Ligand code: SF4
């Protein structure tokens, strides 16, 4: 590198998911290594990078707003748009005067070279590729995550599922995975930097398979074998990955948390079919039972979309009843939102907003009930918490110190300790009575 970036101030604004955050953090590491200085988004900079999201029409709008805000804060900066909206909205971004450079997915690793070419006034080549025509896994490496105790590590990219509501296969391309040894080496580095908990994540994590044939099971076991890593958490899973063989292997490894985010989206088979999800609710229930056979009170969490096109009252009632039976720890409820360029956006029988709101409210009260019942099961038990941070609050004229963290089942815990205990136990495993 030529050193052009040395001393330049840069800032990165991230929208969207944990994979995007991982990629932003890795770009930050790359630019710091070139001698550039990271500043806050509100401070004028020489380089502003907006790592965009395109998951909904709203996410695209927000990405555009942030780009314009960035240009207002730093009018003289080179404004770089990267991320998924670059893939889905290249035509819009290319003519937007606030955008000086676009960098496609799979080209984030070249951010330093692209910026150097820009500052040198050279023609910028290779900053954009057709993501749907590549099998290359973009190997970024994370050294310093945003959180101090937990790191989200991307091990997989792309998706081949083409769910009818989702644009991601078009913005992230086909499935491809990082080699197991590279993941192990990256996480060993993070452990050396003090990271205790790692969340293995991807765009479609269940599809993880490297060129040597290692799948998710082998990967999780290898990560759990790294010295210094106390906990391994899995990102979003699908029912097909939950097999006896998988559970038999991972349940023997104590570092792998009994926490399964098992994507569902709807608990009615007709709706699932229109979504192009490739399992039935019966299969999903079977997989939850299997997890419960292998683990004591596992935390099973999921995502649900209400108001998907054509979701009748009857379909919703089926979903409602099945979710009641499933009795999961936590469900994230999303109201279906039309995404331009997807099959579902063109479907007949789009559901009015008031109906979506009503269905969402009904499920949210179920979420509250199930979550409380699940957490209550652990009352009076001693649990291990990874202490993430502490907060000071003033109560009755006295300053109190509250230690915060999560259990292996991802139950949030906060408890008062002495100032000294809080200060000396951050990033440590502590026993707490619930
Ligand atoms: S599995 Fe479905 S919802 Fe998930 S990224 Fe792939 S297409 Fe989108």
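Name the single residue, out of those in the stretch 243-268 being in contact (Cβ under 8 Å) with a residue 40 or more places away in the chain and outside any loop (DSSP other than H, G, I, E, B), that is nearest to residue 283 (Cα to Cα).
Applying the filter and picking the extreme gives 262.
Mind checking whether some residue in the stretch 232-242 is more than 15 Å from the ligand (Cβ to nearest atom) and part of a helix (DSSP H, G or I)?
No, the stretch 232-242 has no match at all.
Would the stretch 148-159 turn up any residue that is modelled with pLDDT of 95 or more, at positive phi, within 16 Å of the ligand (Cβ to nearest atom) and not assigned by TED's automatic domain parsing to the domain that holds residue 408?
Scanning the stretch 148-159, I find at least one residue that is modelled with pLDDT of 95 or more, at positive phi, within 16 Å of the ligand (Cβ to nearest atom) and not assigned by TED's automatic domain parsing to the domain that holds residue 408, so the answer is yes.
Which condition number in (1) over 22 Å from residue 375 (Cβ atoms); (2) within 14 Å of the ligand (Cβ to nearest atom); (3) touching a residue at least 24 places away in the same chain (Cβ under 8 Å) is the one that residue 285 fails?
The failed condition is (2).
Residues in the stretch 173-186: is at least one out of contact with any helix residue (DSSP H, G or I) (no Cβ under 6 Å at 6 or more places or on another chain), in a loop (DSSP other than H, G, I, E, B) and within 16 Å of the ligand (Cβ to nearest atom)?
yes
Just to be sure I understand the filter: pairs with C-beta atoms under 6 Å, separated by 6 or more residues or on different chains, first member in the stretch 54-71 and in the same structural domain as residue 41 (by TED's automatic domain parsing), second member in a helix (DSSP H, G or I). Which pairs pass?
Listed by first residue and then by second, the contacts come to 54/60; 54/84; 54/85; 54/88; 54/171; 60/85; 63/85.
Give the residue that is surrounded by the most Cβ atoms within 10 Å (Cβ to Cβ), with candidates limited to residues of the stretch 303-324 that are within 24 Å of the chain's Cα centre (by Cα) and outside any helix (DSSP H, G or I). Steps first, answer last, please.
Taking the stretch 303-324 first, the residues within 24 Å of the chain's Cα centre (by Cα) are 303-308, 323.
Okay, now just the ones that are also outside any helix (DSSP H, G or I), so 303-308.
Working: 303: 15, 304: 22, 305: 23, 306: 26, 307: 22, 308: 28.
Once the filter is applied, the top-ranked residue is 308.
Which count do you get for residues in the stretch 1-51 that are out of contact with any strand residue (DSSP E or B) (no Cβ under 9 Å at 6 or more places or on another chain), in contact (Cβ under 8 Å) with a residue 40 or more places away in the chain and in a loop (DSSP other than H, G, I, E, B)?
Here the count works out to 4.
Given the conditions (1) within 15 Å of the ligand (Cβ to nearest atom); (2) touching a residue at least 40 places away in the same chain (Cβ under 8 Å); (3) closer than 30 Å to residue 346 by Cβ, and given that residue 135 satisfies all but one, which numbered condition is not satisfied?
Condition (1) is where residue 135 drops out.
Please go through the stretch 194-231 and pick out each residue that is in a strand (DSSP E or B) and within 15 Å of the ligand (Cβ to nearest atom).
201, 202 - these are the residues of the stretch 194-231 that are in a strand (DSSP E or B) and within 15 Å of the ligand (Cβ to nearest atom).
Looking at this structure, is residue 283 in contact with a helix residue (DSSP H, G or I) (Cβ under 6 Å, 6 or more places away or on another chain) and part of a helix (DSSP H, G or I)?
So residue 283 fits the description; yes.
If I ask for residues that are in contact (Cβ under 8 Å) with a residue 60 or more places away in the chain, part of a helix (DSSP H, G or I) and within 9 Å of the ligand (Cβ to nearest atom), which ones from the stretch 160-172 would you list?
168, 172
When you look at residue 85, is it over 23 Å from residue 205 (Cβ atoms) and part of a helix (DSSP H, G or I), yes or no?
Judged against the criteria, residue 85 is not a match.
Right, residue 371: in contact with a strand residue (DSSP E or B) (Cβ under 9 Å, 6 or more places away or on another chain), in contact (Cβ under 8 Å) with a residue 40 or more places away in the chain and within 30 Å of residue 228 (Cβ to Cβ) or not?
no
The values are calculated or read from the model by the stated rules, or taken from the named source; none is laboratory data. Keep in mind the model is a prediction, meaning the values are calculated, not measured. Don't worry about glycine lacking a Cβ; one is built from the backbone with ideal geometry, like all the others, and counts go over all protein chains shown.
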